[in-house]
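Presented below is the structure to which this report refers.
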Amino acid sequence: MITFFIATLFPEIFDGVLNSSMLFKAQDKQIVSFKIINIRDFGFGQRKQVDDTPYGGGDGMLLMVEPLYKTILYVKSLTTKKITTILPTPRGKTYLQSDANKLAEMDSDFLILCPRYEGYDERIINFVDKTYSIGNYVLTGGEIPAMVIVDSITRLLPGVLGGETSVINESFQLNDFTTEFPQYTRPEEFNGLVVPQVLLSGNHKKIAEWRNKQNDTSKNEL
Ligand code: 6GU
């Protein structure tokens, strides 16, 4: 069982995503467990303050290093298993399928620290193992990236997709650059749009060849 500890200032954001569909089933099958930690529990004083203004000036507030550090220590006190600590940040390495593949093989629990506000005190970098960005655009916090990372790892764990995973990884060589082939279901014709004939042919060799040839990313240019 792999435990994902997710540290956030907005625990409610995760309710729907973690408790629906495959992520719910993965918990139900005891393949993964999700534990949401509220960073505010490690804030200072009565107001549980976790943020402060940046040295040198600038807009907004930063997450202070100490509440994040205390969160890490707390989570490490909860388990004897190895914990890989991940910080989602637009300044991290771009997260790719190959990263998901490696993380899914690690036999480690994970702590994902979700930043908010205008960022975090850079000194927290010394206490994390990995930093990832999920692409070149700016989001309001680390929660959506955390969901992306959790989802992409969980679906690779044995038993989550009922054995499909190895098929996807091996026979289709899913890597950072492949797109999946287009698929069709009933009806055979919709508003004059027909299903490619080869898929109705029953010729599995021809179908496999056709699928391998499909790599149409033209819509990405629109
Ligand atoms: Cl990990 N965080 C934020 N705030 N924005 C992002 C991101 C992460 N990855 C892409 N944009």
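The values are calculated or read from the model by the stated rules, or taken from the named source; none is laboratory data. Here the structure is a predicted model, which is why all the values come from computation and not from measurement. Neighbour counts run over all protein chains shown; Cβ positions are idealised from the backbone, glycine included. What goes into the accessible areas is simple: the full protein's heavy atoms, side chains included, and nothing from ligands, DNA or RNA. Shrake-Rupley method; radii C 1.70, N 1.55, O 1.52, S 1.80 Å.
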Worksheet entry | Estimated vicinal HN-Hα couplings, Hz - the stretch 149-162 in sequence order (Karplus 6.51, -1.76, 1.60; Gly, Pro = x) | 5, 4, 5, 5, 6, 4, 5, 8, 6, x, x, 6, 9, x
Worksheet item: Based on DSSP, what percent of beta bridges with both residues in the chain are antiparallel, to the nearest 5?
Response: 20 percent
Worksheet item: Could you give the distance between the Cα centres of the stretch 1-30 and the stretch 41-113, to the whole Å?
Response: 17 Å
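How would you classify the stretch 68-168 from its alpha-carbon gyration tensor, with a ≥ b ≥ c the square roots of the eigenvalues: rounded for a/c under 1.5, else prolate if a/b is greater than b/c, otherwise oblate? If you can, show how the numbers build up before the last one.
Working: a/c = 2.35, a/b = 1.34, b/c = 1.76.
Judged from the Cα gyration tensor, the stretch 68-168 comes out oblate (a/c at least 1.5, b/c at or above a/b).
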Worksheet item: For the stretch 101-147, which GluC sites (Glu not before Pro) are both in a DSSP coil and crowded by at most 12 other Cβ atoms within 10 Å?
Response: 105
Response to the item:
Heavy-atom accessible area with a 1.4 angstrom probe orders 176, 109, most exposed first, as 176, 109
Practice prompt. With θ set to phi - 60°, apply the Karplus curve 6.51 cos²θ - 1.76 cosθ + 1.60 along the stretch 31-48 and write out the HN-Hα couplings as whole Hz, x wherever there is a Gly or Pro.
Written response: 8, 9, 9, 10, 10, 8, 10, 8, 4, 4, 4, 10, x, 8, x, 5, 8, 6
Item to complete: Under a cut-off of 13 Å between alpha-carbon atoms, report the aspartates and glutamates in cross-link reach of residue 130, not counting same-chain residues fewer than 8 places apart.
Response: 99
Response to the item:
Amide H contacts under 5 Å for residue 6, restricted to residues at least 5 apart in sequence or on another chain and with H modeled in the peptide plane, are 35, 36, 37, 112
Fill in: Portion, in percent, of the accessible area of the chain that falls on carbon or sulfur, probe 1.4 Å
52 percent
Worksheet item: Of the cross-linked pairs 29/81; 25/213; 48/102, which ones have a Cα-Cα span greater than 30 Å in the structure shown?
Response: 25/213; 48/102
